[in-house]
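Colleague: Questions regarding the structure given below will be posed in turn.
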Amino acid sequence: MEPRPPPSPQPTAAVAAWRRWKSRAMSLTMGLCTLAVMAPLFFVLYFLLREGASALDWNFFTQLPKPTGETGGGMANALVGTMVLLTMAGLIGVPVGVLGGIYLAEYGSDRVNRLIRFWADVLNGVPSIVWGMVVYALLVVPFKTFSAYAGGAALGLMMIPLVMRTTEEVLILVPQSYREAGLALGIARWKIVTVIVMKTALKGIVTGVLVAFARVAGETAPLLFTALGNNFWNRNLAEPIAAMPLQIFAYAISPYDDWHRQAWAGALALMVLILGLNLFVRLVSRDRAKS
Amino acid sequence: MSKPISESTPPAQRPVRRWPDVSFRLVALLAALSVVALIVLVGWELYSGSRLAVAKFGPGFLVHSRWDPVSDEYGALPFIAGTLVSSLIALVIAVPLGVATALFLTEMAPVRLRQPVITVIELLAAVPSVIFGLWGIFVMIPFLRDHVFPVMQSVLGFLPFFRGPIYGVSMLAGGLIVAIMILPIITSVSREILRSVPNLQREAAYALGATHWEVIRIAVLSYARRGLFGAAVLGLGRALGETMAVTMVIGNRPDISLSLFAPGYTLASVIANEFAEATSDLYLNSLFELGLVLVVLTIAVNALAQLMLRTLAGPGTGKVN
């Protein structure tokens with residue numbers, strides 16, 4: 001970097017100046033690194049708005065994709081498909097995750113809990129594409145068809161450890177005295193948990209669930225060979241269904257300009273959905289922190 | 001626990017029913033154990049899905065570099081190499097940046113600045129992989145191809161890693177996009193670690209007359225070294241499994257090349273690209289075996305990271321999100 005400080009008649013003063021200079025240089029470097037870390041978000045958002053906003057018209061939300069070669073069309077089916085998949089994922093991920101979180105926070109011994117927490121965190125790190133393979137073997141092969149059920153299941157399984165950990169965290173925050181008060185009144189344990197503890201922590205649990213939804217809403221890899229994608233409306237959940245991320249992927253790697261335009265529009269819509277969920281959660285939990 | 005009540009109340013009291021409590025607890029236990037069941041499920045499905053390939057190729061599968069669906073010959077080496085190289089590139093970029101950012105946030109930034117920056121980084125973590133991929137294809141790749149890679153080649157071309165034709169889609173581009181995607185987790189875990197460094201540590205260094213940077217280097221970084229290493233390992237775990245964005249920018253060619261400008265292929269990408277169209281049983285089994293390799297890698301790395309972070313920071317802080 002810089003040349004070493006020259007030997008001077010008063011080395012201590014020079015060394016001190018060098019040390020101060022170095023400290024300032026490092027501060028600046030770290031500040032620049034921080035900017036570099038934040039930059040991608042702004043670049044991505046900028047290009048999403050620039051490329052996607054113009055393509056995001058009424059047709060986008062109301063029409064089916066047009067066949068290859070024709071311009072226009074939209075992603076209505078993918079929008080609905082994503083909602084359907086998220087609903088199914090929620091049906092699996094939310095009850096199992098919340099109940100698991102309840103067990104960790106309210107029952108269970110330290111040793112068992114530590115083990116379950118450990119595996120839940122490890123499970124969170126399993127690549128999403130692997131969930132696609134597992135569900136493919138579990139639901140697609142036996143029923144011999146790609147289906148909305150399989151896609152929903154893949155996302156749902158991914159949600160379980162996410163929801164479980166956040167539920168546990170908020171339940172632990174509920175003061176012990178609430179539970180003791182319930183016990184003193186002779187209320188059954190399960191009622192204490194569901195009526196008192198969960199009600200107190202409801203906002204936190206909902207927040208955690210929304211974060212989990214935001215996380216799986218953008219997942220593409222687990223849907224590739226479960227939900228598969230579909231250019232038409234899905235009339236039967238046992239058949240392939242379209243989803244926003246799948247459609248964006250398919251359009252992005254296609255050779256047609258109009259499809260690229262659609263991909264940007266879809267990405268913008270998906271991003272708005274996910275960022276919206278995240279910002280909403282942030283607002284809600286800031287509320288909670290204040291009160 | 002509620003027993004004493006029934007003993008002290010008059011006999012007219014209806015008996016305490018235990019079964020709702022017991023069954024509720026049991027259902028909750030089952031839900032909690034689903035995590036273990038899922039791990040077993042993942043392992044079993046991948047194992048049973050790959051049996052044909054395991055039987056046919058044996059351990060040689062891992063070291064053969066031929067991937068040829070036409071003649072039904074499969075070897076995993078290009079994908080394992082691609083996954084490792086792209087993840088390492090990502091780590092080399094993301095770890096220094098992430099740790100520096102975490103240091104900036106915990107040690108230097110004015111308090112009012114911290115929360116907005118943290119929010120931005122958390123939102124970065126929320127961007128779906130496929131959107132990074134889309135951005136990578138249409139924005140990052142052309143920029144790298146036209147402006148960055150030629151410069152790198154002319155400056156660093158004496159190294160074998162920066163030679164050869166430039167296509168744009170490349171191992172380096174894949175590593176770069178993975179770096180962006182693992183930055184948030186490395187930053188946030190590093191921040192947790194740095195925050196757990198006791199203030200006494202810093203004050204002692206200041207008392208000795210250290211400058212701000214010296215405090216960070218001597219008191220903070222050396223104290224937090226192991227935890228930061230854990231953060232990097234956690235980032236590695238994420239990087240290994242990144243699928244969509246990498247698939248879209250890495251070029252998807254099962255060759256092993258010294259040049260980072262050459263296209264590559266990763267375990268996750270080949271599964272994403274070829275799984276739905278795998279025609280023969282052996283082909284599908286080989287893809288499952290790739291999945292098995294991927295899962296073993298990621299679970300081992302993640303478990304290591306959890307252990308490192310947990311022993312360091314006590315229960316709870318090793319949380320991944």
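The values are calculated or read from the model by the stated rules, or taken from the named source; none is laboratory data. Bear in mind the structure is a predicted one, so any value in this text is a computation, not a measurement. In this analysis, Cβ positions are derived from the backbone assuming ideal geometry, glycine residues included, and neighbour counts consider all displayed protein chains.
Colleague: Does any residue of region B:284-298 turn out to be under 25 Å from A:Ser254 (Cα atoms) and part of a loop (DSSP other than H, G, I, E, B)?
Modeller: Within region B:284-298 (the criterion being under 25 Å from A:Ser254 (Cα atoms) and part of a loop (DSSP other than H, G, I, E, B)), the answer is no, since none of the residues qualifies.
Colleague: Condition check: out of contact with any strand residue (DSSP E or B) (no Cβ under 9 Å at 6 or more places or on another chain) and small (Gly, Ala, Ser). Does A:Gly204 satisfy that?
Modeller: On the way: out of contact with any strand residue (DSSP E or B) (no Cβ under 9 Å at 6 or more places or on another chain): yes; small (Gly, Ala, Ser): yes.
Criteria met by A:Gly204.
Colleague: Inspect all residues belonging to region A:257-269 and state whether any of them is among the basic types (Lys, Arg), in a helix (DSSP H, G or I) and within 10 Å of chain B (Cβ to nearest Cβ).
Modeller: Residues of region A:257-269 among the basic types (Lys, Arg): A:261.
If we keep only those that are in a helix (DSSP H, G or I) as well, we get A:261.
Filter again for within 10 Å of chain B (Cβ to nearest Cβ), leaving none.
The answer is no, given that none of the residues of region A:257-269 is among the basic types (Lys, Arg), in a helix (DSSP H, G or I) and within 10 Å of chain B (Cβ to nearest Cβ).
Colleague: Output yes when any residue across region A:201-220 is assigned to a helix (DSSP H, G or I), over 22 Å from the mean Cα position of the chain (by Cα) and touching a residue at least 40 places away in the same chain (Cβ under 8 Å), and no when none is. First the steps, then the outcome.
Modeller: Taking region A:201-220 first, the residues assigned to a helix (DSSP H, G or I) are A:202-217.
Among the residues that remain, those that are also over 22 Å from the mean Cα position of the chain (by Cα) are: none.
Scanning region A:201-220 turns up no residue that is assigned to a helix (DSSP H, G or I), over 22 Å from the mean Cα position of the chain (by Cα) and touching a residue at least 40 places away in the same chain (Cβ under 8 Å).
Colleague: Shifting gears a bit: Might you check whether a residue that is part of a helix (DSSP H, G or I), polar (S, T, N, Q) and in contact with a helix residue (DSSP H, G or I) (Cβ under 9 Å, 6 or more places away or on another chain) occurs anywhere in region A:139-152?
Modeller: No, there is no match, as no residue in region A:139-152 is part of a helix (DSSP H, G or I), polar (S, T, N, Q) and in contact with a helix residue (DSSP H, G or I) (Cβ under 9 Å, 6 or more places away or on another chain).
Colleague: What are the pairs, 6+ residues apart or on separate chains, where a residue within region A:94-111 that is under 16 Å from B:Val22 (Cα atoms) and facing chain B (nearest Cβ under 7 Å) has its Cβ under 9 Å from a residue that is surrounded by fewer than 21 Cβ atoms within 10 Å (Cβ to Cβ) and hydroxyl-bearing (Ser, Thr, Tyr)?
Modeller: From residues that are under 16 Å from B:Val22 (Cα atoms) and facing chain B (nearest Cβ under 7 Å), the pairs are A:Ile102/A:Thr194.
Colleague: Moving on to the next point. Within region B:212-251, how many residues are within 10 Å of chain A (Cβ to nearest Cβ) and assigned to a loop (DSSP other than H, G, I, E, B)?
Modeller: Result for region B:212-251: 2.
Colleague: State whether the residues of region A:36-58 include one that is crowded, with 20+ Cβ neighbours inside 10 Å, at pLDDT below 95 and aromatic (Phe, Trp, Tyr).
Modeller: There is no residue in region A:36-58 that is crowded, with 20+ Cβ neighbours inside 10 Å, at pLDDT below 95 and aromatic (Phe, Trp, Tyr).
Colleague: Which condition from (1) closer than 17 Å to B:Gly264 by Cβ; (2) under 22 Å from the mean Cα position of the chain (by Cα); (3) of a type in the set (Val, Ile, Thr) is the one that B:Ile180 breaks?
Modeller: (1)
Colleague: Something else now. Check A:Leu86 against each of (1) closer than 27 Å to A:Gly132 by Cβ; (2) within 10 Å of chain B (Cβ to nearest Cβ) and name the one condition it does not meet.
Modeller: All conditions are met except number (2).
Colleague: Name the residue that is surrounded by the fewest Cβ atoms within 10 Å (Cβ to Cβ), counting only residues in region B:239-283 that are charged (D, E, K, R) and free of Cβ contacts under 8 Å to residues at least 60 places away in the same chain. It would help to see each step written out before you state the result.
Modeller: Within region B:239-283, the subset charged (D, E, K, R) is B:242, B:253, B:255, B:274, B:277, B:281.
Next cut, free of Cβ contacts under 8 Å to residues at least 60 places away in the same chain only: B:253, B:277.
On the way: B:Arg253: 17, B:Glu277: 10.
Result: B:Glu277.
Colleague: Here are some residues: A:Gly266, A:Gly204. Which one is within 19 Å of A:Leu85 (Cα to Cα) and not aromatic (Phe, Trp, Tyr)? Before you say what the answer is, go through the steps one by one.
Modeller: On the way: A:Gly204 fails: within 19 Å of A:Leu85 (Cα to Cα).
Only one candidate qualifies: A:Gly266.
Colleague: While we're on this one: Which residue is nearest to the other protein chains (Cβ to nearest Cβ), if the candidates are limited to region B:131-181 and must be buried (at least 22 other Cβ atoms within 10 Å of the Cβ) and among the small types (Gly, Ala, Ser)?
Modeller: So, considering only residues that are buried (at least 22 other Cβ atoms within 10 Å of the Cβ) and among the small types (Gly, Ala, Ser), the one nearest to the other protein chains (Cβ to nearest Cβ) is B:Gly133.
Colleague: Same structure, new question: Please determine whether any residue of region A:72-83 is within 13 Å of chain B (Cβ to nearest Cβ), touching a helix residue (DSSP H, G or I) at 6+ places or on another chain (Cβ under 6 Å), among the aliphatic types (A, V, I, L, M) and under 28 Å from A:Phe225 (Cα atoms). Steps first, please.
Modeller: Step one: list which residues in region A:72-83 are within 13 Å of chain B (Cβ to nearest Cβ), which gives A:78, A:82.
Next, from what is left, pick out any that are touching a helix residue (DSSP H, G or I) at 6+ places or on another chain (Cβ under 6 Å): A:78, A:82.
Applying the additional criterion that residues be among the aliphatic types (A, V, I, L, M) yields A:78.
Going one step further and asking which of them are under 28 Å from A:Phe225 (Cα atoms), we end up with A:78.
Yes - at least one qualifying residue is present in region A:72-83.
Colleague: Hey, another quick one. Just to check your reading of the model, which residue among B:Ser23, B:Ser71, B:Ser86 is more than 7 Å from every other protein chain (Cβ to nearest Cβ) and buried (at least 18 other Cβ atoms within 10 Å of the Cβ)? Even if it seems obvious, please write down each step before you answer.
Modeller: Details: B:Ser23 fails: buried (at least 18 other Cβ atoms within 10 Å of the Cβ); B:Ser71 fails: buried (at least 18 other Cβ atoms within 10 Å of the Cβ).
The conditions single out B:Ser86.
Colleague: While we're here: Here is a list: A:Met158, A:Met198. Which entry is at pLDDT below 95 and more than 9 Å from chain B (Cβ to nearest Cβ)? Working first, answer last.
Modeller: Values: A:Met158 fails: at pLDDT below 95.
The unique qualifying residue is A:Met198.
Colleague: Could I ask something else about it? Have a look at B:Ala205, B:Ala126, B:Ala102, B:Ala109 and point out the one that is closer than 26 Å to B:Met244 by Cα and surrounded by 18 or more Cβ atoms within 10 Å (Cβ to Cβ). Spell out how you get there, then give the answer.
Modeller: Details: B:Ala205 fails: closer than 26 Å to B:Met244 by Cα; B:Ala102 fails: closer than 26 Å to B:Met244 by Cα; B:Ala109 fails: closer than 26 Å to B:Met244 by Cα.
Only one candidate passes the filter, namely B:Ala126.
Colleague: Quick check on my filter: what residues within region B:89-123 are more than 14 Å from every other protein chain (Cβ to nearest Cβ) and over 16 Å from the mean Cα position of the chain (by Cα)?
Modeller: Those that are more than 14 Å from every other protein chain (Cβ to nearest Cβ) and over 16 Å from the mean Cα position of the chain (by Cα): B:Val111, B:Arg112.
Colleague: Could you count how many residues in region A:34-61 are part of a helix (DSSP H, G or I) and over 17 Å from B:Ala245 (Cα atoms)? Even if it seems obvious, please write down each step before you answer.
Modeller: In the first step, residues of region A:34-61 are kept if they are part of a helix (DSSP H, G or I); the result is A:34-55, A:58-61.
Next, only the ones that are over 17 Å from B:Ala245 (Cα atoms) stay: A:34-39, A:42, A:46, A:49-55, A:58-61.
The total comes to 19.
Colleague: I'm checking my understanding of the structure. Among residues of region A:230-245 that are out of contact with any strand residue (DSSP E or B) (no Cβ under 7 Å at 6 or more places or on another chain) and surrounded by fewer than 23 Cβ atoms within 10 Å (Cβ to Cβ), which one is nearest to the other protein chains (Cβ to nearest Cβ)? Before you say what the answer is, go through the steps one by one.
Modeller: First, the residues of region A:230-245 that are out of contact with any strand residue (DSSP E or B) (no Cβ under 7 Å at 6 or more places or on another chain): A:232-233, A:235-239, A:241-245.
Now narrow it down to the ones that are surrounded by fewer than 23 Cβ atoms within 10 Å (Cβ to Cβ): A:232-233, A:235-239.
Values: A:Phe232: 18, A:Trp233: 21, A:Arg235: 22, A:Asn236: 20, A:Leu237: 19, A:Ala238: 18, A:Glu239: 15 Å.
Looking at the filtered set, the residue picked out is A:Glu239.
Colleague: To continue, here is another question. Kindly provide the set of residues from region A:43-62 that are among the aromatic types (Phe, Trp, Tyr) and more than 10 Å from every other protein chain (Cβ to nearest Cβ), ordered by number.
Modeller: Step one: list which residues in region A:43-62 are among the aromatic types (Phe, Trp, Tyr), which gives A:43, A:46-47, A:58, A:60-61.
Matches in region A:43-62: A:Trp58, A:Phe60, A:Phe61.
Colleague: Also, quick follow-up: Name the residue that is farthest from B:Val270 (Cα to Cα), counting only residues in region A:212-227 that are of a type in the set (A, V, I, L, M) and at the interface with chain B (Cβ under 7 Å from one of its Cβ atoms).
Modeller: Our first condition is that a residue be of a type in the set (A, V, I, L, M); within region A:212-227, this holds for A:212, A:214, A:216-217, A:221, A:223-224, A:227.
This time we only want the ones that are at the interface with chain B (Cβ under 7 Å from one of its Cβ atoms), so: A:214, A:221, A:224.
Working: A:Ala214: 26, A:Ala221: 12, A:Leu224: 12 Å.
The qualifying residue farthest from B:Val270 (Cα to Cα) is A:Ala214.
Colleague: Moving on. What number goes with the only condition from (1) modelled with pLDDT of 95 or more; (2) out of contact with any Pro (no Cβ under 7 Å at 6 or more places or on another chain); (3) closer than 18 Å to A:Ala148 by Cβ that A:Phe225 does not pass?
Modeller: (1)
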